[in-house]
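A.B. asks: Handing you a structure now.
Each value in this text was obtained by applying a stated rule to the coordinates, not by laboratory testing. Source: prediction; values computed, not measured. Virtual Cβ from ideal backbone geometry, glycine too; neighbours counted across all protein chains shown.
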Amino acid sequence: MQMPNSRRYNSIQIALCALLCANALHAKAAQGDTPDLMNNSSISIPTQPMFALNGFGTIEEAHTSENYGDYVFDNLQPKGIGRNRSWSGDIDSRIGLQLTSHLTSTLSGVLQVISEYRWNNTYTPFVSWANLQYAVTPDFSVRIGRIAMPSFMASDSRKIGFSNITARPPVEVYSLLALKTSDGVDTTYRMHFNDTTDSTTLLYGKSTVTNTSGVNIHSTDIRGIFNSLEFGATTLHAAYQERNVDNQHPALGKFFSAGINYDPGTWFASAEWVKVINFNGKGLKVPRVAWDINAGRRFGDFAPYVTIAALQPNVNTGSTPIAQRSYAVGVRWDLMRNIDVKAQLDHVQPRSDSYGTLLNVKKGSPTGSQFNVVSVVVDFIF
């Protein structure tokens with residue numbers, strides 16, 4: 001299938017950006033520099049430069065056997081692979097730049113800009129993070145601005161493919177919450193017990209998400225509490241968040257999550273559970289639950305893995321439900337210090353009465369149609 005000129009142009013832009021970054025990648029790898037792009041709440045160290053510019057990106061090509069609808073990462077992507085096209089790089093391809101500033105020993109800031117496939121069928125860059133942080137003490141900090149909400153275990157690293165083992169986080173889990181950032185304030189307090197660190201974050205703010213129809217959906221009074229407990233090779237994570245959403249009545253929406261990650265080096269495993277409560281157009285409460293389990297083993301530069309994930313509603317609304325299960329196998333190859341290559345095969349099983357998470361489903365299509373997704377991904381950081 002031939003891509004329209006605008007789609008081909010976007011893919012060429014990402015590929016050119018990747019080529020331009022290759023020399024920087026090689027130079028930094030030779031110098032032993034590996035940028036820290038996942039730290040959205042670090043406290044400055046006196047030896048650090050005042051300003052540091054780093055980047056990250058993903059180049060992907062994916063194919064599906066699905067014909068009735070589009071496989072997408074979430075419902076903010078207007079098109080995917082399937083009904084509209086059998087091959088595409090739009091699901092996960094992106095490039096981003098991050099400017100980190102250490103203004104004083106206690107005041108730091110971060111600005112992150114990303115170009116990826118968006119609601120309006122373009123790769124228009126947008127500001128993902130933009131905040132200032134003041135370290136009251138080494139273990140107590142306050143941030144203000146646009147902040148990544150730690151709703152999931154991989155919230156900070158979701159866009160940075162190089163920091164993740166799999167080609168993409170499970171769509172069953174990570175598509176349940178459209179809000180990725182909050183414009184507001186948060187505070188984080190860390191406690192240390194021998195080799196154990198407990199971090200608690202309180203957040204308040206607002207956010208606007210634009211859907212594929214171009215409608216702005218406003219969330220206000222976002223309140224959240226997030227906790228992370230790290231000991232040895234184990235990390236536990238829990239989150240609770242609620243907000244008022246202007247496109248539902250009652251307006252209150254709630255989000256819960258809990259997860260565990262175990263990574264001692266050779267073997268690795270993780271599991272995550274989430275629950276979302278919203279209201280549909282009839283005012284009916286619609287709770288949905290999703291979970292995933294991932295495990296694998298490293299063999300030198302190669303890391304094969306398997307993932308199982310599921311999504312199901314907890315109430316019958318009378319409409320076609322969003323329910324599916326998926327099984328994925330893949331392998332990550334660390335080609336260079338700052339570059340990885342991943343290959344992943346997903347087998348998706350929508351429930352017998354559901355289209356799963358597919359979008360743009362052709363009217364009259366049968367429910368419960370199973371399909372496969374093959375993805376090849378190159379991630380890099382510089």
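A.B. asks: Treat each spin label as a single point 7 Å out from the Cα along the C-beta direction, and report the His347 to Met50 distance in nm.
C.D. replies: 5.8 nm
A.B. asks: Which FRET efficiency value, to the nearest 0.05, do you get for Ala271 and Leu202 by plugging their Cβ-Cβ distance into 1/(1 + (r/R0)^6) with R0 = 30 Å?
C.D. replies: 0.75
A.B. asks: With contacts defined as alpha carbon pairs under 8 Å and 6 or more residues apart, what's the relative contact order of the chain in percent?
C.D. replies: That works out to 15 percent.
A.B. asks: Using amide H atoms built in the peptide plane, which far-off residues or other-chain residues are under 5 Å from Ile81 H to H?
C.D. replies: Tyr71
A.B. asks: Something else about it: How far is it, in nm, from the label point at Asn247 to the one at Asn120 when both lie 7 Å from their Cα along the line to the Cβ?
C.D. replies: 1.6 nm
A.B. asks: Right, another one. Which three numbers, in whole Å and largest first, are the semi-axes of the equivalent ellipsoid of the stretch 102-187 derived from its Cα gyration tensor as √(5λ)?
C.D. replies: 26, 16, 12
A.B. asks: Now a separate question. So if I take the centroid of the Cα atoms in the stretch 251-281 and the same for the stretch 290-366, what is the distance between those two points in Å?
C.D. replies: After rounding, the separation between the Cα centres reads 15 Å.
A.B. asks: Using the Cβ atoms and a cut-off under 12 Å, what net charge is assigned to the surroundings of Asn131, where Lys and Arg are +1 and Asp and Glu are -1?
C.D. replies: Residues near Asn131 contribute 0 overall.
A.B. asks: Given the DSSP H assignment, sum -39500 (n - 2.57) over each helix run of at least 4 residues in the chain and divide by its residue total; what's the result at 222 nm in deg cm²/dmol, nearest 500?
C.D. replies: -2500 deg cm²/dmol
A.B. asks: Right, here's the next one. Less than 14 Å Cβ to Cβ from Ser141, Lys/Arg counted +1 and Asp/Glu -1: what total charge do the surrounding residues give?
C.D. replies: Once positives and negatives cancel, what remains is 0.
A.B. asks: Moving to a separate point now. Taking θ as phi - 60°, what are the ³J(HN,Hα) couplings along the stretch 278-292 by the Karplus curve (6.51, -1.76, 1.60), each to the nearest whole Hz, with x for Gly and Pro?
C.D. replies: 10, 10, 7, x, 8, x, 8, 5, 10, x, 10, 10, 9, 8, 8
A.B. asks: May I ask you to evaluate 6.51 cos²θ - 1.76 cosθ + 1.60, the Karplus curve with θ = phi - 60°, for each residue of the stretch 340-353 and list the ³J(HN,Hα) values in order in whole Hz, giving x for glycine and proline?
C.D. replies: Result, rounded to whole Hz: 10, 10, 10, 10, 9, 10, 10, 10, 9, 10, x, 4, 4, 9.
A.B. asks: Here's a follow-up. Estimate the FRET efficiency between Tyr189 and Ser365 by the formula 1/(1 + (r/R0)^6), using the beta-carbon distance for r and 51 Å for R0, to the nearest 0.05.
C.D. replies: It comes out at approximately 0.50.
A.B. asks: Applying a 10 Å radius around every beta-carbon, put 267-274, 121-128, 305-312 in order of their mean neighbour count, most first.
C.D. replies: 305-312, 267-274, 121-128
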